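Below is one structure, written out as structure tokens, with a few remarks after it.
The values are calculated or read from the model by the stated rules, or taken from the named source; none is laboratory data. Quantities reported herein were computed from a predicted structural model and do not represent experimental measurements. Every residue, glycine as well, gets a Cβ built from its backbone with ideal geometry; the counts of neighbours run over all protein chains shown.
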């Protein structure tokens, strides 16, 4: 993957980010190129070695085909879940650590449905807010839509059958 200043990439753990600078750093006589990433919806800035970017999991924003996969995950039925709060929380935490958007979308789906069905603990509420933010940001960027529309799209994809709004959004993006 080639990088350029101003390019938007997705960090597996921090979400969408803009490449603000490409620079060299000398470490023990070895000159390495780095990307400086400004993480969206955050004050966080991180530096990533260009040579390790692919291994780390930096990727481009989802395209229309990948968005269809995302919506398939959001529409999928919620699998049986553990009744024990701590086990359920740890399971979701382990999934989020993977940094995979489709896995994160599954956690958002399951927590959103649980929230509507019976409510969430404070820890699960924070987890949902954080995971949801990454999915929403990706939808906003991939579909070039405002936050409010992305939230409506996400909620309808999780809580309602195949909404027309989703199909319109995908048609506009493709």
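Below, the figures for the structure above:
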quantity	calculated
Selection count, region 4-37, where residues are within 21 Å of residue 66 (Cα to Cα) and either more than 20 Å from the chain's Cα centre (by Cα) or part of a strand (DSSP E or B) (or both)	8
Residue list for region 69-82, filter: in contact with a helix residue (DSSP H, G or I) (Cβ under 8 Å, 6 or more places away or on another chain), assigned to a helix (DSSP H, G or I) and either in the same structural domain as residue 12 (by TED's automatic domain parsing) or over 29 Å from residue 35 (Cβ atoms) (or both)	71, 74, 75
Enumeration of residues in region 38-55 that are free of Cβ contacts under 8 Å to residues at least 12 places away in the same chain and either assigned to a helix (DSSP H, G or I) or within 15 Å of the chain's Cα centre (by Cα) (or both)	52, 55
Boolean, residue 104 is touching a helix residue (DSSP H, G or I) at 6+ places or on another chain (Cβ under 6 Å), crowded, with 16+ Cβ neighbours inside 10 Å, touching a residue at least 40 places away in the same chain (Cβ under 8 Å) and outside any loop (DSSP other than H, G, I, E, B)	no
So residue 10, is it surrounded by 11 or more Cβ atoms within 10 Å (Cβ to Cβ), closer than 30 Å to residue 121 by Cβ, touching a residue at least 24 places away in the same chain (Cβ under 8 Å) and in contact with a helix residue (DSSP H, G or I) (Cβ under 6 Å, 6 or more places away or on another chain)	no
Scope region 144-158; condition surrounded by fewer than 20 Cβ atoms within 10 Å (Cβ to Cβ) and either at pLDDT below 90 or within 25 Å of residue 7 (Cβ to Cβ) (or both); matching residues	144, 145, 146, 147, 149
